[in-house]
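Visitor: What follows is a single structure, and I will ask about it in a moment.
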Amino acid sequence: FKRKGTLTDNVSANNALVSYLKKKGKIRTESGGTFIEEPLDLIENNTYLRYSGYDPLIVQQSEVMTLAQYPWVNAAVCVTESGDNIRKNSGDSRIFNLVKARIKNAERTAANNMSVDVYSTGALTNQIGGLGSIVTADGTGTVGGIVSGTFTGWKNQFLVYSGDPASTTIVGQMAKLWLTCVRGVDRPDLIVSSHDLYSFFWAAQSELQRYASSETADAGFKTLKFQGVDVIFDSNSNFATTAEKMYFLNTDYLSLVMHEAAQWTPSEERVPTSQDAVIIPILFMGNMVCSNRSLQGLLSD
């Protein structure tokens with residue numbers, strides 16, 4: 001069972017957001033630690049000084065980064081088979097087909113659940129803290145151990161839709177939130193939307209082919225464009241709610257972190273002492289992390 005790389009690739013390819021993070025090199029592995037520590041990238045160097053002649057410069061060290069700490073969380077899916085079924089399918093071709101079917105099912109299960117979890121609030125037991133916790137409807141929340149109510153620079157941008165969403169107003173609302181997420185050359189590079197807001201934006205466009213991103217479409221995900229940025233639909237993006245959401249993401253400051261020994265990695269084959277069966281756990285350990293919430297935005301209805 002040597003499909004570690006294939007499993008990881010197949011899980012990431014199933015979701016447009018995770019696939020985009022992978023394309024940008026924002027899926028990384030770490031070797032351990034009590035927490036996943038993410039240096040913050042949101043505090044400017046405070047030694048900037050306008051001066052004249054012999055005015056003294058500000059030379060003391062500037063603390064431009066502090067750390068956010070994200071917990072490691074675990075998930076697993078198991079490939080299992082009874083001993084009698086293994087014996088019934090003995091022979092190279094039969095056992096190969098049996099194992100292939102079980103692995104395919106495990107891959108699909110892992111991919112479907114990860115597609116849900118990357119948008120989660122982390123409310124379920126041992127669930128990663130997805131976009132639902134990192135980018136909130138009012139900018140509040142404790143993310144990475146940092147309380148945004150205390151450290152207001154840790155709040156994400158947000159906008160509650162004014163009035164009922166419609167194709168005639170969606171672009172204006174998107175533009176209003178977009179501007180709050182721009183800092184010089186820093187700007188959102190991916191917009192992920194739930195059903196209704198995406199439908200209204202789609203209806204607002206003309207000459208749709210002009211707006212399609214061939215690169216993302218080639219990966220199996222249909223997109224539109226706003227300010228030159230991919231706008232994608234994902235039915236999981238309004239995780240566990242009926243509220244419509246549109247995430248404005250700057251993925252330079254978002255990452256999916258996995259432990260190097262558990263990146264949807266098959267474990268050793270196990271035989272229970274009280275059962276005639278074989279079990280192969282496929283393990284994930286990691287979390288979603290953010291180093292700058294202030295450059296992320298959420299348009300919600």
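The values are calculated or read from the model by the stated rules, or taken from the named source; none is laboratory data. Worth saying up front: this structure is predicted, and the values here are computed from it rather than measured. Cβ placement follows ideal geometry from the backbone for every residue including glycine, while neighbour counts extend to all protein chains displayed. We work out accessible area using only protein heavy atoms, side chains counted, and drop any ligands, DNA or RNA first. Shrake-Rupley method; radii C 1.70, N 1.55, O 1.52, S 1.80 Å.
Visitor: I'd like the full set of residues that are of a type in the set (Val, Ile, Thr) and either over 19 Å from residue 76 (Cβ atoms) or modelled with pLDDT under 70 (or both), limited to the range 1-26.
Guide: Residues satisfying the conditions are 6, 8.
Visitor: Moving to a separate point now. Hey, can you tell me all the residues within the range 110-165 that are among the small types (Gly, Ala, Ser), more than 25 Å from residue 176 (Cβ to Cβ) and over 14 Å from the mean Cα position of the chain (by Cα)?
Guide: 110, 123, 144, 145
Visitor: Which one is farthest from residue 137 (Cα to Cα) among residues in the range 80-118 that are among the hydroxyl-bearing types (Ser, Thr, Tyr) and in contact (Cβ under 8 Å) with a residue 24 or more places away in the chain?
Guide: Taking the candidates together, the pick is 82.
Visitor: Let me ask you something else. What are the residue pairs meeting all of these: first residue in the range 182-195, first residue open to solvent by less than 10 Å² (accessible area, probe 1.4 Å), second residue part of a loop (DSSP other than H, G, I, E, B), Cβ atoms under 6 Å, and 6 or more apart or on different chains?
Guide: Matching pairs, first to second residue: 188/181; 188/250; 192/234; 192/237; 194/237; 194/238; 194/244.
Visitor: Here is a follow-up. Across the range 67-96, what is the number of residues that are of a type in the set (S, T, N, Q) and exposed (fewer than 12 other Cβ atoms within 10 Å of the Cβ)?
Guide: Matching residues across the range 67-96 total 2.
Visitor: Further, regarding this structure: I'd like to check something: does the range 88-107 contain any residue that is of a type in the set (Gly, Ala, Ser), within 23 Å of residue 252 (Cβ to Cβ) and either assigned to a loop (DSSP other than H, G, I, E, B) or out of contact with any Gly (no Cβ under 7 Å at 6 or more places or on another chain) (or both)?
Guide: Checking the range 88-107: not a single residue is of a type in the set (Gly, Ala, Ser), within 23 Å of residue 252 (Cβ to Cβ) and either assigned to a loop (DSSP other than H, G, I, E, B) or out of contact with any Gly (no Cβ under 7 Å at 6 or more places or on another chain) (or both).
Visitor: If we keep just the residues of the range 260-290 that are touching a Leu at 6+ places or on another chain (Cβ under 7 Å) and either β-branched (Val, Ile, Thr) or surrounded by 19 or more Cβ atoms within 10 Å (Cβ to Cβ) (or both), which is nearest to residue 11 (Cα to Cα)?
Guide: For the range 260-290, the residue satisfying everything is 264.
Visitor: Taking the options 150, 168, 121, 140, name whichever one is open to solvent by 20 Å² or more (accessible area, probe 1.4 Å), of a type in the set (S, T, N, Q), in contact (Cβ under 8 Å) with a residue 60 or more places away in the chain and assigned to a loop (DSSP other than H, G, I, E, B).
Guide: 121
Visitor: Among the residues of the range 226-236 satisfying the criterion of being touching a residue at least 12 places away in the same chain (Cβ under 8 Å) and not aliphatic (A, V, I, L, M), which is surrounded by the fewest Cβ atoms within 10 Å (Cβ to Cβ)?
Guide: 235
Visitor: Select, from 58, 103, the only residue that is among the hydrophobic types (A, V, I, L, M, F, W, C) and farther than 18 Å from residue 280 by Cβ.
Guide: The conditions single out 58.
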